[in-house]
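See below for the structure under consideration.
The values are calculated or read from the model by the stated rules, or taken from the named source; none is laboratory data. Remember, it's a predicted structure, so these values are computed and weren't measured experimentally. Positions of Cβ are generated from backbone atoms using ideal geometry, with glycine treated the same way; all protein chains shown enter the neighbour counts.
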């Protein structure tokens, strides 16, 4: 907690001071549906116009980036009360288009279990059975009891679905998920780096745009999904998704009766009035552009400013990545 303004002789804040406190996000259950097809062995830092011979053979692959980011994210999400699951496609050790009915990691797994499962997943291989994977995730989620904690599916892929099913069938399944109360967010890692592959690239973009819109959490702009071309961009996307999964709601600390909430910050940037509001007695909610800015993952913390004595129990910031 940072103190701004004059302090008392004892060094603590006076009740007329402005004090700030970091706010933890409201938790959610995140089911990661991650592509581990053969193309995910390609480099993550791909750029339009790059040539395959220019890629660093020792650089991170797309699948490495997914594993590393989730391994870092898992323990920090766990501290904040989040649950993380994983369904990868195709399932490790199975055929080119096979996906197990049960996820590799289901909700309730410990961070150590998540990291161990990712490490044992093997090299990416096979095709892109996206429809089968999302259908399996839908079936699993429908077996769970109802919960007050929001649930979200996070799709990460570098290709359009194949294995006998196209984007329209994935869209229909994602719509079923949304009707059941589970939104879908899409992360796209483009495979095609040259203009000669423009037709395949257009199919990829069109497919992921449709899925993102059907999922209920589309991004603004021409690309309705998170467009990721580096490890850093993937980490930003995952952090933003986690911070906004529960609708941009953040828990307030226990306040003294004299304290008054007077402002909200993203890192050190003040959130304009009209883009945040009290959500009951225990939460604050970001709206509009502030929520969208947070979803980019470029901000590390949400802070509230209070006029009055400090909170009874100051919060400790937890960085997601």
Original post:
Given the residues 223, 177, 203, which is the only one that is touching a residue at least 12 places away in the same chain (Cβ under 8 Å), under 27 Å from residue 26 (Cβ atoms) and not assigned by TED's automatic domain parsing to the domain that holds residue 295?
Top reply: 177
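Would you confirm whether any residue within the range 256-269 is touching a helix residue (DSSP H, G or I) at 6+ places or on another chain (Cβ under 7 Å), modelled with pLDDT of 90 or more, buried (at least 16 other Cβ atoms within 10 Å of the Cβ) and not assigned by TED's automatic domain parsing to the domain that holds residue 232? Before the answer, list the steps.
To start, the set of residues in the range 256-269 that are touching a helix residue (DSSP H, G or I) at 6+ places or on another chain (Cβ under 7 Å) comprises 266.
When the remaining residues are screened for being modelled with pLDDT of 90 or more, the result is 266.
With the extra rule that they be buried (at least 16 other Cβ atoms within 10 Å of the Cβ), the set shrinks to 266.
Now drop any that are not not assigned by TED's automatic domain parsing to the domain that holds residue 232, which leaves 266.
Yes, that holds for at least one residue.
Say whether the condition of being over 21 Å from the mean Cα position of the chain (by Cα) and over 26 Å from residue 246 (Cα atoms) is met by at least one residue in the range 75-90. Before the answer, list the steps.
So in the range 75-90, the residues over 21 Å from the mean Cα position of the chain (by Cα) come out as 90.
Right, trim to over 26 Å from residue 246 (Cα atoms) and you get 90.
Yes, some residue in the range 75-90 is over 21 Å from the mean Cα position of the chain (by Cα) and over 26 Å from residue 246 (Cα atoms).
For the range 242-275, which residues satisfy the criterion of being farther than 26 Å from residue 83 by Cα and part of a strand (DSSP E or B)?
Pass one, the range 242-275, residues farther than 26 Å from residue 83 by Cα: 255-265, 268-275.
Of everything in the range 242-275, those that are farther than 26 Å from residue 83 by Cα and part of a strand (DSSP E or B) turn out to be 260, 261, 262, 263, 264, 265, 269, 270.
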Original post:
Does residue 216 satisfy the criteria of being in contact with a helix residue (DSSP H, G or I) (Cβ under 8 Å, 6 or more places away or on another chain), within 25 Å of residue 147 (Cβ to Cβ) and crowded, with 19+ Cβ neighbours inside 10 Å?
Top reply: no
Original post:
Looking only at the range 168-196, which residues are surrounded by 15 or more Cβ atoms within 10 Å (Cβ to Cβ) and modelled with pLDDT under 85?
Top reply: 190, 191, 192, 193
**OP:** Look at the range 1-60 and say how many of its residues are modelled with pLDDT of 75 or more and either part of a loop (DSSP other than H, G, I, E, B) or over 29 Å from residue 90 (Cα atoms) (or both).
**Re:** 17
Original post:
When only residues in the range 270-304 that are closer than 14 Å to residue 250 by Cα and more than 22 Å from the chain's Cα centre (by Cα) count, which is surrounded by the fewest Cβ atoms within 10 Å (Cβ to Cβ)?
Top reply: 281
**OP:** Go through the residues of the range 232-241 one by one and say whether even a single one is within 20 Å of the chain's Cα centre (by Cα), touching a residue at least 60 places away in the same chain (Cβ under 8 Å) and outside any helix (DSSP H, G or I).
**Re:** no
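Can you give me the ranges of the helices (runs of 4 or more DSSP H) entirely in the range 111-212 with at least 3 residues that are under 22 Å from residue 78 (Cβ atoms)? It would help to see each step written out before you state the result.
Numbers: elements: 111-119, 130-142, 167-179.
Fully inside the range 111-212 and qualifying: 111-119, 130-142.
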Subject >> Residue check, residue 77 at pLDDT below 95, buried (at least 21 other Cβ atoms within 10 Å of the Cβ), over 30 Å from residue 201 (Cα atoms) and assigned by TED's automatic domain parsing to the domain that holds residue 161 >> reply: yes
